[in-house]
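To start, the structure itself, in structure tokens.
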Amino acid sequence: MEGKSKERKNAGRWRFLAVCLPLAALAPLTWLATKALSRHPEFVERFYSRGLFPILSQPVSLLTGWLPISAAELILVFGSLALLASIGIQTYRMFSRPDPWIRLTKTVSLLLALAGCAYCLFYLLWGWNYHRLTLERTLGLPDTEMSTELLEKVCSELIPEAAELRKGLPEDENGCVVLPDDLVSELTRINSNYIALSETYPGLWGRMYAPPKIVVGSRFMSWGDTSGIFIPFTEEANLNCDMPAFLQLSTASHEAAHQRGVAREDEANFMAFLSCRSSDRPEFVYSGTMLALIYCMNELHDDDYDAFARCYSLYSDAQRRDLAQHNAYWKAFEGPVQEASDTMNDNYLKSNAQPEGIRSYDRVVALVLKWYAAEISR
């Protein structure tokens, strides 16, 4: 009887490995598929980004959208606790029971299987959008020559436009902008903005997704230099609600662009700019325009300080208060945690077809200039 029991145990162990090893193999297989797809952006655009992706992503988004809080945040909190408990239990069993190496092998096999599944799901549910056609091609933006003169012209026109929008918005006791409605109500309008944008760019941005979610642990996101994050596994756009109000709506719109399959960071910034400007509400237009202006003015500062100074003089006092609040807020979180988070994000972006890493956000300037050139040529 003892021999049969041992045989059953051994058979069970082999069955366990037979299940885990193919799942672990999903990681290298997905990596190979991604390498192959990266050479064929037209194929990715047609069959994945506009074909399979919306079929997979929209039901998941609408399902998790029923929760009033972020499902990803819940999974992170309780999943981390469960993982720590599991590691503790497995460590205890490993050293308190016979055959510790067999138990270690099973544990490692399980972890590799879970990693393989997660890696595959990341690309299947969203990640292959990194290899779709660029927005320049998708939106038909002109091949405009980039120049400091054009950049100064764009800034000098957008700044007074935003200043006029800012006049009608409510302020807090420090004279900084606050949202006219509560943040949850404002976030529900983002879908309408993308639907309005689809009138200019038909069929791309009007699909229905759940509104961005407010993260309960937003202050922790600030320590990690994160204003928003998109989670492909739950198809949720998540917003740091602790950050200053004037960029909350454009940040949420940036994450909503990811939700709709715009993977590259510069392109998500650009879609946030366009979708906010498609809104009929001044707080959205102001937030999106100021997002673009921050990047454009930073670029102008590096290219031609005198031109930057001329444009900066156009800011209203209210705009300067908003910018000062923004800079002071993020400066308070500078430190090793923020640096580590930036390094992780930089490496993640470089591993996903964005060789400039976190500097890829800055490339939105070129898209804004091309958009401006297209607008004045109409």
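The values are calculated or read from the model by the stated rules, or taken from the named source; none is laboratory data. Model, not experiment: these values are computed from the prediction. All Cβ positions, even for glycine, are placed from backbone atoms using ideal geometry, and neighbour counts span all protein chains on display.
Just one of the numbered conditions (1) polar (S, T, N, Q); (2) free of Cβ contacts under 8 Å to residues at least 40 places away in the same chain; (3) more than 29 Å from Y123 (Cα to Cα) is not true of S287: (2).
Can you tell me which of S198, S218 is surrounded by 15 or more Cβ atoms within 10 Å (Cβ to Cβ), in contact with a Leu (Cβ under 9 Å, 6 or more places away or on another chain) and without any contact (Cβ under 8 Å) to a residue 24 or more places away in the chain? Explain how you work it out, then say what you get.
Working: S218 fails: without any contact (Cβ under 8 Å) to a residue 24 or more places away in the chain.
Answer to the selection: S198.
Within segment 235-292, being among the charged types (D, E, K, R) and closer than 17 Å to P180 by Cβ holds for D280, R281, E283. Annotation: A309 fulfils all but one of (1) part of a helix (DSSP H, G or I); (2) touching a residue at least 24 places away in the same chain (Cβ under 8 Å); the unmet one is (2). Checking the structure you have, find out if any residue of segment 195-213 is in contact with a strand residue (DSSP E or B) (Cβ under 6 Å, 6 or more places away or on another chain) and outside any helix (DSSP H, G or I). Checking segment 195-213: at least one residue is in contact with a strand residue (DSSP E or B) (Cβ under 6 Å, 6 or more places away or on another chain) and outside any helix (DSSP H, G or I).
For segment 164-200, a residue qualifies if it is within 26 Å of A307 (Cα to Cα) and either within 28 Å of the chain's Cα centre (by Cα) or of a type in the set (F, W, Y) (or both), and the qualifying residues are L165, R166.
Condition first: in a helix (DSSP H, G or I) and surrounded by 14 or more Cβ atoms within 10 Å (Cβ to Cβ). Now tell me which residues in segment 53-73 satisfy that.
At the first step, the residues of segment 53-73 found to be in a helix (DSSP H, G or I) are 53-64, 71-73.
Passing the criteria: F53, P54, L56, S57, Q58, V60, S61, T64, A71, A72, E73.
Can you say whether Y295 is among the hydroxyl-bearing types (S, T, Y) and either part of a loop (DSSP other than H, G, I, E, B) or more than 24 Å from D143 (Cα to Cα) (or both), as far as the supplied structure shows? Criteria not met by Y295. Residue under question is L23, and the condition is that it be modelled with pLDDT under 90, crowded, with 17+ Cβ neighbours inside 10 Å, among the aliphatic types (A, V, I, L, M) and over 27 Å from L239 (Cα atoms); does it hold? In short, yes.
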